[in-house]
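Q: Structure provided below as structure tokens; questions to follow.
The values are calculated or read from the model by the stated rules, or taken from the named source; none is laboratory data. From a predicted model like this one, the values you see are computed outputs, not experimental measurements. For neighbour counting, all protein chains shown are included, and Cβ atoms are generated from backbone atoms with ideal geometry for every residue, glycine included. To get the accessible areas, we keep the full protein, side chains included, count just its heavy atoms, and leave off ligands, DNA and RNA. Shrake-Rupley method; radii C 1.70, N 1.55, O 1.52, S 1.80 Å.
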Amino acid sequence: MTHDHDLVLRPTAAQTEAALDPPPGRNGGDLVVETLTGLGATTVFGLPGQHALGMFDALRRSDLAYIGLRVENNAGFAADAYGRITGEAAPLLLSTGPGALTSLAALQEAAAASAPVLAISSQIPSAGLGGGRHGYLHELPDQPASFRGVVKSVHTVRTQSQIPSAIAEAWESALTAPHGPVWVEIPQDVLLAETSLPVVTAADAAPHDLPPRPELTAVAAHLLSTAARPAIIAGGGVVRSDASGKLRQLAERLNAPVVTTFGGKGAFPWNHPLSLQSWLEDRHTTDFLEDADVLLVVGSGLGELSSNYYTFKPRGRVVQIEADLGKLESNHPALGIHADARLALSALLETVPVREDAEAADRVRTVLDLVRERIDAQELTLEQRVLAAVREALPDRSASFWDMTILAYWAWSAFDARRPNTMHSAQGAGGLGYAFPAAIGGAVADPTHPVLAVSGDGGALYSIAELATARQHNLDVTWLIVDDGGYGILREYMTDAFGQATATELSRPDYVALAESFGVPGVRTTPDTLADDLAKSLATPGPSVVVLPALLRMFAPTHLG
């Protein structure tokens, strides 16, 4: 008897002929790009190196678009942003040793933010693998060991026949919830050797679903339905699983106030009557969440930033939905549900009834009024004007990418992202230099809308070389650089702690002149002209730089007292 699946697996005559007579001149690098194409990739990021030339030569024979950055770490940030915006695994092609290791900080950010990055690196020739000291260029005794503590999975290839399966396995790993970066490495000789293997025409690497256990969602539904004061913390997992609509439905059905974490910006409408916005670094918000008798935490591990620096101590029951098993109940005892946020929220919506609470919106307004009074009492008008100018200039559908800088720390709490998956920052791992190369990746992912990057002058110097990349590919990226002459937040921290700052002051270039030297238009602005200058730059095709000389301050913390 013939089964349907037997018919699907049987090659056609044309496929058989092509497999028996593959085109000449192909090498192991061709197997890499063919597999990526078969998996659905259309764009790759990276930077070539001696051991990886087989992969990069194969790009010439493929239909893959290549975006080459000037520093491997920046290429990783660009791939990270591409993965966040598209939800697809972003291929990142790298060389051995120094090239590979330079990407580590970007891969750490991708891991912390659950961004699907498929890093494919070369290795020294096969004869040098195994831990001996042969003296090859770029040789490490155990290159994969440098990545095992950072990425989701490591895949080492030894022969050409392993390439398609290893890449497909890594692709599946990157896209299975929680998303994350993965690492594949292939020796130089395997990439360069001519291959007689058939052309890779398709690859099956569907990610696994992560549904909730029904007995757990039944208990969670009961707790939420019978709660007197339910509340919700929505994290980045809501955004990554495209569950914002289901979160809103559940919150409205329960009449439960919602606060979004900094990684979950845009997961809930900013001006919704039930929105506590993102004021997690505020004691009034912390007190409100502690008072909830049932707290639903969706897509967050309640780490340092999301818990007001671990001062948050819930008094009620906690229900935590989290795709990353390591984050489940890692900070607070909870009814832990290991599941994708979208699938878990869907399950709750099937059973949670409408809960009446006429006072929920009033309680939200009270908290936001208290937050506003606290901020207004600190004479931080300049900072609020600057942030408001950015919001005014940025189109609602445009993505923004924020470095670790004072204006970004304000934005975490006070910026209305307006739409899910449009505001991204490096707050996962907290490294400098994220914003501009990430914005490059974002512009490649969605070329239909201009993209904004926001950096301080310290972070800008990490990625200034990528002005050449933005110019070369004529990407619609506007880069706002807030220039205060140093590492502003570290200056604040050290002055507060020690009475004076050390190693925080920077000699910096004329950023407008520097941008223009790359062929990128630049403008120096003021707080009064920022909205107009940003809007004009964003509306002009191609890259641009807007420099704001300003000394911004942070609002006072509430976790120290």
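Q: Can you find, within the stretch 508-561, the residue that is farthest from Y309 (Cα to Cα) among those that are among the small types (G, A, S) and at pLDDT below 95?
A: A556
Q: Now for a separate question. Taking into account only those residues within the stretch 227-243 that are in a helix (DSSP H, G or I) and touching a strand residue (DSSP E or B) at 6+ places or on another chain (Cβ under 8 Å), which is nearest to W270 (Cα to Cα)? Even if it seems obvious, please write down each step before you answer.
A: Residues of the stretch 227-243 in a helix (DSSP H, G or I): 236-240.
Narrowing further to those that are touching a strand residue (DSSP E or B) at 6+ places or on another chain (Cβ under 8 Å): 237-238.
Details: G237: 18, V238: 15 Å.
Ranking the candidates gives V238 first.
Q: A further question on this structure: Would you mind finding the one in R342, R355 that is open to solvent by 30 Å² or more (accessible area, probe 1.4 Å) and either modelled with pLDDT under 95 or of a type in the set (K, R) (or both)?
A: Matching residue, one of R342, R355: R342.
Q: Determine, yes or no, whether R374 is in contact with a His (Cβ under 9 Å, 6 or more places away or on another chain), over 17 Å from G456 (Cα atoms) and at pLDDT 95 or above.
A: yes
Q: Based on this model, can you work out whether A256 counts as within 14 Å of V319 (Cα to Cα), part of a loop (DSSP other than H, G, I, E, B) and at pLDDT 95 or above?
A: Details: within 14 Å of V319 (Cα to Cα): yes; part of a loop (DSSP other than H, G, I, E, B): yes; at pLDDT 95 or above: yes.
Yes: the conditions hold for A256.
Q: How many residues does the stretch 406-417 contain that are part of a loop (DSSP other than H, G, I, E, B) and out of contact with any Leu (no Cβ under 9 Å at 6 or more places or on another chain)?
A: Of the residues in the stretch 406-417, 2 are part of a loop (DSSP other than H, G, I, E, B) and out of contact with any Leu (no Cβ under 9 Å at 6 or more places or on another chain).
Q: While we're on this one: Can you tell me how many residues within the stretch 419-430 are at pLDDT 95 or above and either part of a helix (DSSP H, G or I) or of a type outside the set (A, V, I, L, M) (or both)?
A: 6
Q: Hey, which of the helices (runs of 4 or more DSSP H) in the stretch 13-130, taking only ones fully inside, have at least 2 residues that are touching a residue at least 60 places away in the same chain (Cβ under 8 Å)?
A: 13-20, 28-39, 53-59, 72-86, 104-113
Q: Can you pull out the residues in the stretch 122-156 that are open to solvent by 30 Å² or more (accessible area, probe 1.4 Å) and either of a type in the set (A, V, I, L, M, F, W, C) or in contact with a strand residue (DSSP E or B) (Cβ under 7 Å, 6 or more places away or on another chain) (or both)?
A: Of everything in the stretch 122-156, those that are open to solvent by 30 Å² or more (accessible area, probe 1.4 Å) and either of a type in the set (A, V, I, L, M, F, W, C) or in contact with a strand residue (DSSP E or B) (Cβ under 7 Å, 6 or more places away or on another chain) (or both) turn out to be S126, A127, L129, L137, L140, A145, R148, V150, K152, V154, T156.
Q: Follow-up question, since we're still on this one. Any residue in the stretch 159-181 that's without any contact (Cβ under 8 Å) to a residue 12 or more places away in the chain: show its pairings with residues that are not in a helix (DSSP H, G or I) at Cβ separation under 8 Å, as long as the two are six or more apart or on different chains.
A: Within 8 Å, no pair qualifies.
Q: Of the residues in the stretch 263-294, how many are open to solvent by 10 Å² or more (accessible area, probe 1.4 Å), assigned to a helix (DSSP H, G or I) and either in contact (Cβ under 8 Å) with a residue 60 or more places away in the chain or within 25 Å of A177 (Cα to Cα) (or both)?
A: Qualifying residue count, the stretch 263-294: 5.
Q: While we're on this one: Mind checking which residues of the stretch 56-77 are closer than 21 Å to N474 by Cα and of a type in the set (F, W, Y)?
A: Y66, F77 - these are the residues of the stretch 56-77 that are closer than 21 Å to N474 by Cα and of a type in the set (F, W, Y).
Q: Inspect all residues belonging to the stretch 157-168 and state whether any of them is within 16 Å of Q188 (Cα to Cα), open to solvent by 40 Å² or more (accessible area, probe 1.4 Å), of a type in the set (V, I, T) and touching a Pro at 6+ places or on another chain (Cβ under 7 Å).
A: no
Q: Give the number of residues within the stretch 207-246 that are of a type outside the set (D, E, K, R), within 22 Å of A112 (Cα to Cα) and surrounded by 22 or more Cβ atoms within 10 Å (Cβ to Cβ).
A: The qualifying residues number 11.
Q: Of all residues in the stretch 184-215, count the ones that are touching a helix residue (DSSP H, G or I) at 6+ places or on another chain (Cβ under 9 Å) and not in a loop (DSSP other than H, G, I, E, B).
A: Within the stretch 184-215, residues that are touching a helix residue (DSSP H, G or I) at 6+ places or on another chain (Cβ under 9 Å) and not in a loop (DSSP other than H, G, I, E, B) number 11.
Q: With over 28 Å from the mean Cα position of the chain (by Cα) and modelled with pLDDT of 95 or more as the only criterion, which of R26, R70, R10 stands out? Steps first, please.
A: Values: R70 fails: over 28 Å from the mean Cα position of the chain (by Cα); R10 fails: modelled with pLDDT of 95 or more.
Exactly one of R26, R70, R10 is over 28 Å from the mean Cα position of the chain (by Cα) and modelled with pLDDT of 95 or more, namely R26.
Q: Filter the stretch 295-319 for residues that are modelled with pLDDT of 95 or more, in contact with a strand residue (DSSP E or B) (Cβ under 9 Å, 6 or more places away or on another chain) and open to solvent by 20 Å² or more (accessible area, probe 1.4 Å) and give the result.
A: The answer is P314, G316, R317.
Q: Kindly list, by first and then second residue, each pair from a residue in the stretch 199-217 that is without any contact (Cβ under 8 Å) to a residue 60 or more places away in the chain to a residue that is open to solvent by less than 70 Å² (accessible area, probe 1.4 Å) and among the polar types (S, T, N, Q), limited to pairs with Cβ atoms under 9 Å and residues at least 6 apart or on different chains.
A: Once the first residue is without any contact (Cβ under 8 Å) to a residue 60 or more places away in the chain and sits in the stretch 199-217, its partners that are open to solvent by less than 70 Å² (accessible area, probe 1.4 Å) and among the polar types (S, T, N, Q) give P207/S173; P207/T176; H208/T176.
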